[in-house]
Amino acid sequence: MAEKGLITGEDGLSRCAWHGNLEDYRRYHDEEWGRPVADDRRLFEKICLEGFQSGLSWLTILRKREAFRAAFAGFDFDRVAEFGEEDIERCLADPGIVRHRGKIVSTINNARRARELRDEFGSLAAYFWSHEPDGSERPKMMDYDTLIANPTTPTSARISKDLKKRGWTFVGPTTVYAFMQAMGLVNDHIEGCFCRASVEEMRRQFARPRT
């Protein structure tokens, strides 16, 4: 361990330590986590999988992601919104995913709510990026202690509250903050991670979706 919260890989690069140098987890960290997302299907996938992750490790979900995509029509929320009881039973019988009835039903419900959100705001991306926190809500330095001490933020609490009012489920403040981190609404690669600067540059150049 080079510094607290960092780990050095065989390539000599320092990274956030949470991936533990596991190849698939490291690839997710390097190529996906924190990079800004504007695609509605990917956003829907991310928020649903964060809901499935509740009480489990993200690595478990990551390694089942392709099975989740197959079970939920590639997270095309227009298709998932039409799922019925037969689809619920199909998912409950699928050993490739997390077979939790409440979370499966929640995904179908949230697909219907996602359609409503798209109809109101033009896209899920426009809705979520409208909640991007400004600098006053962000720490001056993102180190390991700050990251661990803040599993939720005022922004994640606001989004969670609003989504729940709109009928979404499994979208508590901690789940929403994990979603924010994953889809790039914030950059929580800690100082010293080689990804931090490149992700920040991607965020700087990113064209925020508008309604």
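A few points about this structure:
- Checking R203, R208 one by one, the residue that is open to solvent by less than 70 Å² (accessible area, probe 1.4 Å), among the basic types (K, R) and under 17 Å from the mean Cα position of the chain (by Cα) is R203 and no other.
- Cβ separations smaller than 8 Å between residues 6+ apart or across chains give the following pairs from the range 14-37 residues that are over 23 Å from E132 (Cβ atoms) and among the aliphatic types (A, V, I, L, M) to residues that are open to solvent by less than 40 Å² (accessible area, probe 1.4 Å) and not in a strand (DSSP E or B): A17/G5; L22/L59.
- Test result for R15, basic (K, R), open to solvent by 40 Å² or more (accessible area, probe 1.4 Å) and not in a loop (DSSP other than H, G, I, E, B): no
- In the range 147-173, the residue that is surrounded by the most Cβ atoms within 10 Å (Cβ to Cβ) out of those that are of a type in the set (S, T, Y) and without any contact (Cβ under 8 Å) to a residue 60 or more places away in the chain is S156.
- Selection count where residues are open to solvent by 60 Å² or more (accessible area, probe 1.4 Å) and either touching a His at 6+ places or on another chain (Cβ under 8 Å) or touching a residue at least 24 places away in the same chain (Cβ under 8 Å) (or both), scope the range 106-121: 4
- Residue within the range 129-143 that is among the aliphatic types (A, V, I, L, M), more than 17 Å from the chain's Cα centre (by Cα) and surrounded by fewer than 17 Cβ atoms within 10 Å (Cβ to Cβ) present: yes
- Residue within the range 75-86 that is modelled with pLDDT under 95 and open to solvent by 10 Å² or more (accessible area, probe 1.4 Å) present: no
The values are calculated or read from the model by the stated rules, or taken from the named source; none is laboratory data. Please read these numbers as outputs of a predicted model, since none were measured by experiment. Glycine gets a Cβ as well: all are built from the backbone with ideal geometry, and neighbour counts include every protein chain shown. Just the protein is used for accessible areas: all its heavy atoms, side chains included, with ligands, DNA and RNA removed. Shrake-Rupley method; radii C 1.70, N 1.55, O 1.52, S 1.80 Å.
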